[in-house]
Amino acid sequence: MFVNTDEPSAVDGAKGKIKLVLYWHMHQPEYRDLASGEFILPWTYLHVIKDYVDMVAHLEAQPHAKAVINFAPILLEQIAEYAQQVSQYLQQQTPIRDAFLAALVSRELPTDAEAKLTLIKRCLRAHRERQINRYPAFAKLAEMVDWLDQHFDAIPYLTNQFIADLLVWYHLVWLGETVKLTNPRV
């Protein structure tokens, strides 16, 4: 990628161009429980469906851009594990070993009030202004979760549909902007 300038570049002396290479280092810490193999936090797959997808789309939109993308080995291992689990779930209904992602496709949601509260509060782990409040339906659900957090005795009245709506909205807001803008299903 070249950036036009009026001055010769200090790097190569060529007037009007600066040689620029973008370098992205992609990493996530280990989010799996090493004993059970279960994912404890969803950050790897959420960043894959949001940031990494957008990064590729931006590069594809600028075919002459020069970029180096470095993926930490532990990140690649986790991405491969997610890909394998999702594939096995879709082909053979093998359980997904990420409780939060598994809840998205589960027909059996928690019945225990404490487990319900934990799950619905996890659905708010997103930037409130940029991800939640920009969608009125999700913002309303988030307000209800905030209220339920203060009124624990009302949690048994939550329906599975409320929880399912929260889970779907949460995953939708984590999708990359390029997917949201270009995929009519989203």
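Test each condition in (1) more than 28 Å from residue 160 (Cβ to Cβ); (2) among the small types (Gly, Ala, Ser); (3) touching a helix residue (DSSP H, G or I) at 6+ places or on another chain (Cβ under 6 Å) for residue 113 and report the one that comes out false.
(1)
Please work out if residue 148 is within 23 Å of the chain's Cα centre (by Cα) and either surrounded by 16 or more Cβ atoms within 10 Å (Cβ to Cβ) or outside the structural domain of residue 46 (by TED's automatic domain parsing) (or both).
Spelling it out, it is not the case that residue 148 is within 23 Å of the chain's Cα centre (by Cα) and either surrounded by 16 or more Cβ atoms within 10 Å (Cβ to Cβ) or outside the structural domain of residue 46 (by TED's automatic domain parsing) (or both).
Please name all residue pairs, on different chains or six or more residues apart, with Cβ atoms under 7 Å, provided the first residue is in region 172-183 and is at pLDDT 95 or above and in a helix (DSSP H, G or I) and the second residue is surrounded by 16 or more Cβ atoms within 10 Å (Cβ to Cβ) and polar (S, T, N, Q).
173/131
Please specify each residue of region 85-128 satisfying the condition of being part of a loop (DSSP other than H, G, I, E, B), among the basic types (Lys, Arg) and within 21 Å of residue 43 (Cβ to Cβ).
Filtering region 85-128 down to residues part of a loop (DSSP other than H, G, I, E, B) leaves 93-97, 106-112, 123-127.
Retained after the next criterion (residues that are among the basic types (Lys, Arg)): 97, 107, 125.
Within region 85-128, 97, 125 meet the criteria.
So, in region 157-171, how many residues would count as being in contact with a helix residue (DSSP H, G or I) (Cβ under 8 Å, 6 or more places away or on another chain) and not in a helix (DSSP H, G or I)?
1
Which residue is surrounded by the most Cβ atoms within 10 Å (Cβ to Cβ), if the candidates are limited to region 34-74 and must be more than 19 Å from the chain's Cα centre (by Cα), in a loop (DSSP other than H, G, I, E, B) and not small (Gly, Ala, Ser)?
Filtering region 34-74 for residues that are more than 19 Å from the chain's Cα centre (by Cα), in a loop (DSSP other than H, G, I, E, B) and not small (Gly, Ala, Ser), the one surrounded by the most Cβ atoms within 10 Å (Cβ to Cβ) comes out as 66.
Of the numbered conditions (1) at pLDDT 95 or above; (2) of a type outside the set (Asp, Glu); (3) buried (at least 17 other Cβ atoms within 10 Å of the Cβ), residue 88 satisfies every one except a single condition; which is it?
All conditions are met except number (3).
The values are calculated or read from the model by the stated rules, or taken from the named source; none is laboratory data. Values in this document were obtained by computation on a predicted structure and should not be read as measured data. Glycine also receives a Cβ, built like all others from the backbone with ideal geometry; neighbour counts cover every protein chain displayed.
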